[in-house]
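The values are calculated or read from the model by the stated rules, or taken from the named source; none is laboratory data. These figures come from a predicted structure and were not determined experimentally. Here Cβ is always computed from backbone atoms with ideal geometry, including for glycine, and neighbour counts include all displayed protein chains.
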Amino acid sequence: MSDRDRKLREAEERAQEEALIAEEREEETYQAPDSRFRAVLMLFGSLWRLIRGEDNRWRKVRWLFSLLGPYRRQVILMFVALILATGATLAPPFLVGKAVQAALNGDSTALELIIGGFLLAALVGWGTSYLQTYLVGWVGERALQDLRIRIFTHLQEMSIGFFTRNRPGVLISRITNDVDALDQLISTGVVTLFSSTLTLVGVVVIMLVADVQLALVVFLTLPLLAIASLVFRIVAASAYRITRERIAEVTAYLQESLSGVRVVRSFAQEQRHVERMGELNELNRQANLKTVYLNASYFPAVELLSAIGTAVILLYGGYQALDLATESARNAQIGIVVAFVGYLSTFFDPIQQLSNLYTTYQQGMAALDKIFDLLDTEPDMVDKPDAIDPGRLRGEIEMDGVWFSYGLDKSAGLKRSSGLIERGPDEEEDGAAWALEDVSIHVPAGETLALVGETGAGKSTFAKLVSRFYDPQRGRVLVDGHDLRDLSSTCLRSQLGIVPQEGFLFSGTVRENIAFGRPDASDEEIEAAADAIGAGDFIRRMQNGFETEVGERGVSLSAGQRQLIAFARALLAEPRILILDEATSNVDVRTERTIELGLERLLEGRTAIVIAHRLSTIRNAGRIAVLENGLIVESGTHDELIAAAGRYAELYGTWAELAAA
Amino acid sequence: MRTFMRLLGFLRPYRRPLIWSLLLAWLAMGMTVLIPLLIGGAVNAIESEHRDRILPLVLALLGAGILRLGLTVGRRLIAGKVSLAVEYDLRQVFYEHLQKLELAFFDSQQTGQLMSRATVDLQSIRFFLGYGLIWVSQSALTILFAAAAMLVLDPVLALIALAPVPFLVVTATRYSRRNRPAEQEVQQRIGEVTAGAEESISGIRIVKAFARERHMLDRFRNSVNRVFEQSLVSTRLQAFYTPLMGFLPNLGLAAVLLVGGLQVIHGHTSVGHLTAFYAYVVLLSGPVRWLGMSLSMAQRAVASGNRMFEILDREPSMESAPDAPALPEGHGQVSLQRVTLRYDGAEPTLTGIDLEVDPGRTVALVGPTASGKTSLVGLLARLYDPSEGRVLIDGADIREVDLASLRSEIAFVADDSFLFSDTVAGNIAYARPDATQEQIESAARRAQAHDFVTRLPEGYETVIGERGLTLSGGQRQRIAIARALLAEPRILILDDATSSVDARTEAEIKKGLREAMKGRTTFIVAHRLSTISLADEIVVMDRGRIVDRGTHEDLLERCPLYEEIAEKGLEDSVYLQRDLDEREELAKL
C-alpha cells in the first residue's frame, strides 16, 4: 500500500471519528441523552465504589491526581475560588427575598445595605469565577501536557516487538483521544462535580433553614421528576444506541463508495449506490425520529415540573404568610416565598449538569483504563544488570538451535479488554506453531546472507530475532559469540542498522534525514554518504538541494528516492550489522539501477541479513538460506545450491521461467 | 448572505410544518412570559391579604405550565421531523451529486475531505436549519415579549432591567467570535501533536535503530508545549467572558432591586411587580446567551454551507445527453485519434496519441512510471475525457453514446482490487446483480477463484471487506477478475493485475486470464514481461507518447527503451513473493 493510500485511509478514519464525536456531542448539547436523576444517583454510586476501592480504579485515580502534585498550590487556590464562586451564586435569591422584605418593611437603609451586599456578592462571584476558570484551564492543560509526555516517553521505552503487535493508530489515540477524554474528566468533571454538588446542597440547606415546612413541601415534587426520568430511561435506553448504529452505517457506506468510486464508475452502478444510500439514510431518519418523540415529551415535562414547584411555593407559602399574625412576620414570609421561587430556578441546573457528568465520568474512566493498560505494560526487553558491552563489534552472527513461536512469546501485546486488538504478527501465531524450528546458521563477519522462501516461511522472523525484537524460546542468537540477551542493548543498537522496505523518512529536510543517526555529522560527510549511494545527483537537482523539506513521511519524494535516502542514512551511521528488507514496490528502470548500485555500496564490508526479492541480490550474496515452514532447508552459495539441484534450484527454475515467459 | 439564503432554500419543501412549529414556539414563549406576571400577581395577593385570589392565580400558572407543555411537545415534534427530513435531503443531494461528478474530481480531492463535508459540515448545517433558526426566533421573541410585559408593568424599571441586554448580546457574540479562532488554533496544534506522535510511532524502528529517542521526545515536548500555550489563550478568553456574562445580569438586577425597592417603600409600585421583574431578569439571561450561541452557530453553518456548495455547484462535466444512443453493436474495435489529455492545465499526461486496435486483440501497454499507460485506458471507459482528439469504440465517438451503455461494455481489473463489504457472490455479481449462482460460479472458476471461495467459511455467501473476512491480495484480485468476467465486456482492461500475488498464484491467474481474454479486446497495463507475454502486441509509451509498437521480438531489436525495460524485467523485476500482507508485515522491519 502506497503512502498516499495510507494517508488517505488515515484521513478518512479521522474524518469518520470526528463525525462520530460530533454525533455524540449533539446528543449532549441538543438532546441530553440520559435520565437526569438516575444518572446523578449512578454517578455518586460509582464514586462511592471508587473511593471504597471496590473497583481497582482507585489506584489509577490516585495516580491521576498525583499528576496534579506539582501544581498543588494552584489546585488549592482553585478550590478556594470555586467555593467562593459557588457561594456567590447561591446568594442572589436569598438577598432578593431580603430586599423584598426590607421594601415591604419600608426600611430603605436595610434595602441599601442588602443591595450593597448583592453587588458585593456579584463582584466576588465575578472575580472568583475568573480565577477558578483560569486556574482549572491552566492546571488541567499542564497535567495533560505532562501526561502526554509521560505516555510518549513510555512508548519509546517499549521494544520493537511491542509496536509490531499493536496498531499505531491505537497507540496514537492513547496520546490524543484518551488524553482528551481525561481532560474532560479532570477540568470539566471535577469542577462540575464540586460546584454542582455544593450548589445543590447549598440550596437545600438554605431552603431548609429559611423555612423547613415550605422546603419539605417543595421537595415533595421531586419524586415526580424521578418517575418521569425513570419512564424516559426505560423507553429511551435502546433508541439512542440504534441511532448511533444507523449513523455509523451511513458513514461507513459513504466511506466505502468514495474509496471505491473507480469501481462504481467503471461498472456504471451509480444508481444502485444512490438507492442503497437512500435506504440507509431513511433507516437513520426513522431511528432518529424515535428519539425526537422521546425528547419531545420528556424535556417539556421537566419544564412543567418547575411550574408545579412554583405553584406549590406560592400556594403553600402564601397561605402560610396569611396565617401569620404580625405584619413583619408576614413580610418576612413573603420574602421567603420570593427567594424560594428564585431558588427553584437554580435547583434544576445542578441536577442537569451532574447527570451530564456521568457520561464524562464513564468516558474518562474508560480512557484512564486504556492509558493504564499502556503504562502498566512494562518495557519487555530490559538489559540484564550485568549486560556486556564489548565495544566495537566484528559482526559475526550465529543462530544456535533457535526455536521461536509467536504464540509462546511472553511479551504479549496490550490487553484485549481495553479494546486494543492485537495484531497477529504472522499467520503462524496460533498456539505453539513454530515460526522457526531448530534453526542453526553461522554468518561470518562481513558476509551477506540472503533469506529466500515463500510467504510465512520465517524470513522476517529470522531478521527480527537478529535485531532482538524478540527473544527465542529455545536456543541462542549470538553476535561475536555473545548471546544477545547478555549484550547491552545500546551496544547492539548503535551498531545494528535496519533498512525497512519502505524507506521511512521523518518530516524535515533531506539533510536532517540523512544525518538522523549522527546529528553531529559534517556537511561533507552527509554529502559524501549521499554521493556514495548515488543519491547526491537527484538531491542536488531538487529545488533546495539538501535543504529540501521531504514532507510528512517523505511524501514529496518518490518511493525510489526515499529508499536511496534511507540507504544514505544507514551508510552515514556506519553500522557493523545491517538488516535489510528489499523493497518490492515498482520503481522505474533508471531508479532501479541506482538503487542496485547503492545497495552494493551499502552492503560492502559489513555483515548483512537481507530479505531478498531481487535475483541479482540473491546471486551476489555470499550465502543463501532457503527457508520453508520455519526450517532452513538449504544454505550455501548460489552456485553450490544450483549444483545441489534441491529446493533452491527448483525455485530458481520457476523464476527464470516466469521471467522468460 | 447568499449562502445563507441558499441554505434556507433547503427548508422550502417544509414551509408549512415550519410555520406551524414557529407558531407553536411563539405561543409557548408567550406562556413562559406570562408566568412571571402570574407570580407577581400571586405575591401581590399574598401581600394584600386577598386569600381568595391566590388560588385562581396559582391555578392559572399551572394552566400556563400545562399549556406550554402541550405547545412545546407539538413544536418539538414538528421541528424534529423537519430537521431530520432536511438532514435526509442534504445527504441524499450531496451523495447523488458526488455520484454524478467526473472521476478526475475524486483524483483531485482527498477522500477524507469529502467525508468531512458529508459528515461534519452536513451536521452543522442541519443543526442550524433544524434547531438554530427556531432558537433564534424563540430567543428573540422571549426577549421581545418579556420587554413588552415589563414596559407595560413599569417603563422605568423595565428600562433599567433591560439595560444590560444589549451588552450581554454583544459580549456573547464577541466571545464566540474571538474564541472560535483561538479554539481552531488549539485544534490545529493538537493535530500537529497527533502527526508528530504518528510519525514517531510509525518510524519507531528507525528511531530505535539510530538511538534517537531523546531527539524525538524533544520534538514531541515542543509541540505539546505549543498546545499548552494556545490553550491558555483560549482559557483566558473563557475566564474573562463567561463570568462577565454572569455578572452583567446581576448588575441589572441590583439596579432593579434598588430602584424598585425604593418605589415599593414609597408606595409607587407593588411588591408583586418587583417580584415579576426579578423573575423576568432571571428568565432573560437564558435567551440572551442562546442568541449569542445561535449567531455563532449560524456563522458555522454558513462556513459549512460554503464548503458544501463548492461541491454542489460543480457541474458534472461528464454526462451523456438524455437521448444519447447506446453504444452500437460490435466486437470491440478501438480507435484513439490525436488524443491529448491534460488535467487542470498541468503538463499533458498524453500527447497526440493515435492508436487503432482490432477487435479481439490483446495489447500490452509498457513504459516507465507516469508514462501515461493508466490514463490511456481510463479514456476508454470515459473515466476522463480527452482535452483534444477523440476516442471511438466500434465506430462511435464515446462522448456521444450513453455513458452507462459504454461502461457496461468495458470491465476493469485494477491493481488494487477494491471490493465492497458484501458477500463474495454479491461482489462477483456487482455489475450484473441478476446473475444466477451458476453464472457466478462459472466466472469464479474461470478466474481461478472457485477453489478458495468454496473453502471460505460460508463459501460464496461469506461476507468480505471491512466488516467481514479479510482476503489476501491475491484472493481479492481473483474475485475482481471474476467480477469483470461476469460483466461479459467487449473490452477488458487489466491494470497491472497480477502484481500482488505470489508466483504460483500468478501462473494460475494467467491461465484464467487467457481464457477470459478470448473473443474480447484486451488492454494490459503491464510492468513485467511475464504479463506482457499474454499480449499479441506491445505498445511502448514514454512521457505521454507512444514510442513504438510491435511484437516482443521486433521491439527488442529496434526499440532501446523497450530493450532496457525488457532487460530489467528479465533480471530483476521478478519478485519472489508479493503477498500484500507479507509486504505490510515486512515494511515494519
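Only one of the numbered conditions (1) modelled with pLDDT under 85; (2) of a type in the set (Ser, Thr, Tyr); (3) buried (at least 18 other Cβ atoms within 10 Å of the Cβ) is not met by residue A:490, and that is (3).
To keep it simple, each residue is scored yes or no on (1) within 9 Å of another protein chain (Cβ to nearest Cβ); (2) within 22 Å of residue B:143 (Cα to Cα); (3) hydrophobic (A, V, I, L, M, F, W, C).
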residue	(1), (2), (3)
B:12	no, no, no
B:33	no, yes, yes
B:46	yes, no, yes
B:64	yes, yes, yes
B:71	yes, yes, yes
B:81	yes, no, no
B:91	yes, no, no
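Return the residues of region B:203-241 that are part of a helix (DSSP H, G or I), under 25 Å from residue A:466 (Cβ atoms) and not acidic (Asp, Glu); say none if nothing qualifies.
B:204, B:205, B:206, B:207, B:208, B:209, B:216
All of A:289, A:294, A:258 fail the test of being at pLDDT 80 or above, in a helix (DSSP H, G or I) and of a type outside the set (Lys, Arg), apart from A:289.
Just one of B:391, B:453 is more than 11 Å from chain A (Cβ to nearest Cβ), out of contact with any strand residue (DSSP E or B) (no Cβ under 8 Å at 6 or more places or on another chain) and either outside any loop (DSSP other than H, G, I, E, B) or basic (Lys, Arg) (or both); which is it?
Checking each option against the conditions leaves just B:453.
For the condition free of Cβ contacts under 8 Å to residues at least 60 places away in the same chain and more than 30 Å from residue B:387 (Cα to Cα), residue B:60 qualifies. Being hydroxyl-bearing (Ser, Thr, Tyr), modelled with pLDDT under 85 and either farther than 26 Å from residue A:163 by Cβ or surrounded by fewer than 17 Cβ atoms within 10 Å (Cβ to Cβ) (or both) holds for only one residue in A:417, A:440, and it is A:417. Filtered by the rule that a residue be within 14 Å of another protein chain (Cβ to nearest Cβ) and without any contact (Cβ under 8 Å) to a residue 24 or more places away in the chain, region A:596-616 gives A:596, A:600, A:616.
Total residues in region A:117-139 satisfying the condition of being more than 9 Å from every other protein chain (Cβ to nearest Cβ) and either at pLDDT 90 or above or over 30 Å from residue B:230 (Cα atoms) (or both): the figure is 3. In this structure, does residue B:578 turn out to be part of a helix (DSSP H, G or I) and at pLDDT below 50? Spelling it out, it is not the case that residue B:578 is part of a helix (DSSP H, G or I) and at pLDDT below 50.
If the requirement is being among the basic types (Lys, Arg) and either modelled with pLDDT under 85 or not in a helix (DSSP H, G or I) (or both), which of these qualifies: B:483, B:432?
One residue alone meets the criteria, B:432.
Any chance region A:237-252 includes a residue that's crowded, with 19+ Cβ neighbours inside 10 Å, part of a helix (DSSP H, G or I) and in contact with a Phe, Trp or Tyr (Cβ under 8 Å, 6 or more places away or on another chain)? So far as region A:237-252 goes, no, none of its residues is crowded, with 19+ Cβ neighbours inside 10 Å, part of a helix (DSSP H, G or I) and in contact with a Phe, Trp or Tyr (Cβ under 8 Å, 6 or more places away or on another chain). The set of residues in region B:188-203 that are crowded, with 19+ Cβ neighbours inside 10 Å, farther than 13 Å from residue B:228 by Cα and either more than 7 Å from chain A (Cβ to nearest Cβ) or within 22 Å of the chain's Cα centre (by Cα) (or both) comprises B:196, B:200. Which residues, taken from region A:304-340, are under 18 Å from residue B:28 (Cβ atoms), at the interface with chain B (Cβ under 7 Å from one of its Cβ atoms) and modelled with pLDDT under 85? If the condition is that a residue be under 18 Å from residue B:28 (Cβ atoms), at the interface with chain B (Cβ under 7 Å from one of its Cβ atoms) and modelled with pLDDT under 85, then A:304 is the only one that fits.
Residue check: residue A:147 meets all listed conditions (1) within 9 Å of chain B (Cβ to nearest Cβ); (2) touching a residue at least 12 places away in the same chain (Cβ under 8 Å) but one, namely (1).
Residue A:268 satisfies every condition listed in (1) facing chain B (nearest Cβ under 9 Å); (2) in a helix (DSSP H, G or I) except (2).
Inspect all residues belonging to region B:362-370 and state whether any of them is over 28 Å from residue B:559 (Cα atoms) and out of contact with any helix residue (DSSP H, G or I) (no Cβ under 6 Å at 6 or more places or on another chain). Looking for residues that are over 28 Å from residue B:559 (Cα atoms) and out of contact with any helix residue (DSSP H, G or I) (no Cβ under 6 Å at 6 or more places or on another chain), one finds none in region B:362-370, hence no.
Checking the stated criteria, residue B:87 turns out not to satisfy the condition of being of a type in the set (Asp, Glu), surrounded by fewer than 19 Cβ atoms within 10 Å (Cβ to Cβ) and in a helix (DSSP H, G or I). Exactly one residue out of B:371, B:320, B:375 is more than 24 Å from residue B:396 (Cβ to Cβ) and among the hydroxyl-bearing types (Ser, Thr, Tyr), and it is B:371. Just for region B:364-376: of the residues that are out of contact with any Lys or Arg (no Cβ under 8 Å at 6 or more places or on another chain) and at pLDDT 85 or above, which one is surrounded by the most Cβ atoms within 10 Å (Cβ to Cβ)? Among those residues, the one meeting the criterion is B:376. Quick check: is even one residue across region A:477-487 part of a loop (DSSP other than H, G, I, E, B), surrounded by fewer than 23 Cβ atoms within 10 Å (Cβ to Cβ), at pLDDT 75 or above and at negative phi? No, because not a single residue in region A:477-487 is part of a loop (DSSP other than H, G, I, E, B), surrounded by fewer than 23 Cβ atoms within 10 Å (Cβ to Cβ), at pLDDT 75 or above and at negative phi.
Screening region B:408-423 for residues that are in contact with a Pro (Cβ under 9 Å, 6 or more places away or on another chain) and either over 26 Å from residue B:548 (Cβ atoms) or surrounded by fewer than 21 Cβ atoms within 10 Å (Cβ to Cβ) (or both) and picking the one that is nearest to the other protein chains (Cβ to nearest Cβ) gives B:408. Listed here are the helices (runs of 4 or more DSSP H) enclosed by region B:99-188 that have at least 2 residues being without any contact (Cβ under 8 Å) to a residue 24 or more places away in the chain: B:111-116, B:133-153, B:155-162. Would you call residue A:495 polar (S, T, N, Q) and more than 7 Å from every other protein chain (Cβ to nearest Cβ)? Yes; evaluated as a whole, the condition is true for this residue. Report yes if some residue within region A:69-91 is surrounded by 19 or more Cβ atoms within 10 Å (Cβ to Cβ), among the aromatic types (Phe, Trp, Tyr) and touching a residue at least 40 places away in the same chain (Cβ under 8 Å); otherwise report no. No, because not a single residue in region A:69-91 is surrounded by 19 or more Cβ atoms within 10 Å (Cβ to Cβ), among the aromatic types (Phe, Trp, Tyr) and touching a residue at least 40 places away in the same chain (Cβ under 8 Å).
One line per residue, one yes/no per condition, for (1) touching a strand residue (DSSP E or B) at 6+ places or on another chain (Cβ under 9 Å); (2) within 7 Å of chain A (Cβ to nearest Cβ); (3) in contact (Cβ under 8 Å) with a residue 60 or more places away in the chain:
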site	(1), (2), (3)
B:226	no, no, no
B:240	no, yes, no
B:245	no, no, yes
B:257	no, yes, no
B:265	no, yes, no
B:271	no, yes, yes
B:282	no, yes, no
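Number of residues in region A:498-509 that are within 8 Å of chain B (Cβ to nearest Cβ) and small (Gly, Ala, Ser): the value is 1.
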